[in-house]
Amino acid sequence: MGITFLLAPDKFKGSLDGFMFCKAVKEGISMVYPDAVYVEKPLADGGDGTLDAVAGHFKGSWVNVEVFDPLFRKINTNYLYCPEEHLAFIELSKASGYRLLRASERNCMHTTSYGTGQLIAHALEMGATQIVLGIGGSATNDGGMGIAAALGYVFYDARGRELQAVGKNLRHISHISDQKCHPKLANSTIKVACDVLAPLYGPDGAAHVYAPQKGASQEEVHALDLGLRHLANLVMDRYGLDLQKAQGAGAAGGIGGGMMAFCNASLHPGIDLVKELVHFNEALNGVDWVISGEGRLDEQTLQGKTLAGVMQSACEKGVPVAAFCGEVLLSAEQQRKWGLDYAVSILKKVGSMEQAKEDAYNNLVFAAHNFVSLLKKP
């Protein structure tokens, strides 16, 4: 039997998805090892592309739905439903993502996660009793208020007026009604894949760290942070749940915490949840090398990113890991500390980002070929 490679990449954002990565690596390896055996497990960490990564591992169908985008405009999007398992995979970015907005439209004071709630409601009506929700790439900072509103929760201000489910209204919530909550929600199990572990509020929380990237001014960041603090207090008073202590509650503008409070969801590091779903650890048995990669390899990769999860599992099984990345910003000491056996940037020449994305496939073929050529030498 030939040498066996487990191919477990994340996407190269804007360039290659995980399956194209696998194709390119196999093309390069086959020039040296024509009889190599491959196990393909494209992965993701809960951010954009998570749904595409898991879709190839399940027998399901795409369900098209009309929902609201982050600015309450109607759009058509989809989710994956597996009827045999009564399991739905939903990606927040498809309904409530920043990629749906022009740069001039991004301001998380005014955006909502309502459309994601509509996808969850639709999946429940389809018969889903299990839902996996990836929450990376959001355009929102509404603490999950929008999702909750789409599922029947109603938020009122101190004068009894119903509030629109947007970030700026978090601090004005006086009362939360769950009397019209979706009847099937209580009998569902929802797992949330988080790509960050931020707390709900505070200097390291959702608003201060991520809201500026979503169009908020410093004054608005302060207001959003106060809103998330206020939401946490309301949830504590009503449900006895301390959201600030939950790792990942601040993910996606507080949607991590909102899903815990309003949907009884559990939060999971995205890569750990995806590995579990695709049986990644079992696939490591009998493998000679793991080949992974993502657009950039740096210190942040340790913070719940795909490659960190791959290395953790591979190290536990004693399988060496090679990483092919667009950029490698690690020192040799950091690489040794991580236990990463081989790391290389696939760029072959200095040029623009657009050119690098265009050349990514061929550069990856080249990098894979040269790597296995070293393995072939006695």
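Tally the residues that are over 25 Å from residue 274 (Cβ atoms) and within 17 Å of the chain's Cα centre (by Cα), restricting the search to region 51-82.
Qualifying residue count for the region: 0.
Restricting to region 205-233, count the residues that are in a loop (DSSP other than H, G, I, E, B) and closer than 17 Å to residue 136 by Cα.
Summing the residues that are in a loop (DSSP other than H, G, I, E, B) and closer than 17 Å to residue 136 by Cα in region 205-233 gives 2.
Quick check: is even one residue across region 289-298 among the basic types (Lys, Arg) and either buried (at least 24 other Cβ atoms within 10 Å of the Cβ) or more than 24 Å from residue 343 (Cα to Cα) (or both)?
no
Taking interchain pairs and intrachain pairs at least six residues apart, which have beta carbon atoms under 7 angstrom, with the first residue in region 61-79 and under 11 Å from residue 100 (Cα atoms) and the second acidic (Asp, Glu)?
71/105; 75/69
Each row is one residue, and each column tells you yes or no for (1) hydroxyl-bearing (Ser, Thr, Tyr); (2) assigned by TED's automatic domain parsing to the domain that holds residue 197; (3) under 28 Å from residue 134 (Cβ atoms); (4) at pLDDT below 85.
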| residue | (1), (2), (3), (4) |
| --- | --- |
| 300 | no, no, yes, yes |
| 304 | no, no, yes, yes |
| 315 | no, no, yes, no |
| 319 | no, no, yes, no |
| 323 | no, no, yes, no |
| 327 | no, no, yes, no |
| 330 | no, no, yes, yes |
| 351 | no, no, no, yes |
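Can you work out which of the residues in region 329-378 that are basic (Lys, Arg) and in contact (Cβ under 8 Å) with a residue 24 or more places away in the chain is nearest to residue 292 (Cα to Cα)?
In this case the residue turns out to be 357.
Which ones in region 309-361 are among the charged types (D, E, K, R) and assigned to a helix (DSSP H, G or I)?
316, 317, 333, 336, 337, 354, 357, 358, 359
Pick from region 173-194 the residues that are part of a loop (DSSP other than H, G, I, E, B) and among the charged types (D, E, K, R): which of them is farthest from residue 154 (Cα to Cα)?
Of everything passing the filter in region 173-194, 184 is farthest from residue 154 (Cα to Cα).
Going by the structure shown, is residue 104 within 26 Å of residue 222 (Cα to Cα) and without any contact (Cβ under 8 Å) to a residue 24 or more places away in the chain?
Judged against the criteria, residue 104 is a match.
One line per residue, one yes/no per condition, for (1) hydrophobic (A, V, I, L, M, F, W, C); (2) touching a Phe, Trp or Tyr at 6+ places or on another chain (Cβ under 6 Å); (3) surrounded by fewer than 21 Cβ atoms within 10 Å (Cβ to Cβ); (4) without any contact (Cβ under 8 Å) to a residue 60 or more places away in the chain:
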{"site": "157", "(1), (2), (3), (4)": "no, no, yes, yes"}
{"site": "160", "(1), (2), (3), (4)": "no, no, yes, yes"}
{"site": "166", "(1), (2), (3), (4)": "yes, no, no, yes"}
{"site": "169", "(1), (2), (3), (4)": "no, no, yes, yes"}
{"site": "179", "(1), (2), (3), (4)": "no, no, yes, yes"}
{"site": "191", "(1), (2), (3), (4)": "no, no, yes, no"}
{"site": "206", "(1), (2), (3), (4)": "yes, no, no, no"}
{"site": "227", "(1), (2), (3), (4)": "no, no, no, no"}
{"site": "249", "(1), (2), (3), (4)": "yes, no, no, yes"}
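Among the candidates 248, 286, 256, single out the residue that is within 13 Å of the chain's Cα centre (by Cα) and in a loop (DSSP other than H, G, I, E, B).
So the residue among 248, 286, 256 that is within 13 Å of the chain's Cα centre (by Cα) and in a loop (DSSP other than H, G, I, E, B) is 248.
For the subset of region 44-57 comprising residues that are touching a strand residue (DSSP E or B) at 6+ places or on another chain (Cβ under 8 Å) and of a type in the set (A, V, I, L, M, F, W, C), which member is farthest from residue 136 (Cα to Cα)?
Restricting to residues being touching a strand residue (DSSP E or B) at 6+ places or on another chain (Cβ under 8 Å) and of a type in the set (A, V, I, L, M, F, W, C), the top hit is 55.
Restricting region 125-155 to residues that are of a type in the set (A, V, I, L, M, F, W, C) and more than 18 Å from residue 260 (Cβ to Cβ), which is surrounded by the most Cβ atoms within 10 Å (Cβ to Cβ)?
Among them, the one singled out is 139.
The values are calculated or read from the model by the stated rules, or taken from the named source; none is laboratory data. The structure displayed is predicted, hence computed values, not measured ones. We place every Cβ from the backbone using ideal geometry, glycine too, and count neighbours over all the protein chains shown.
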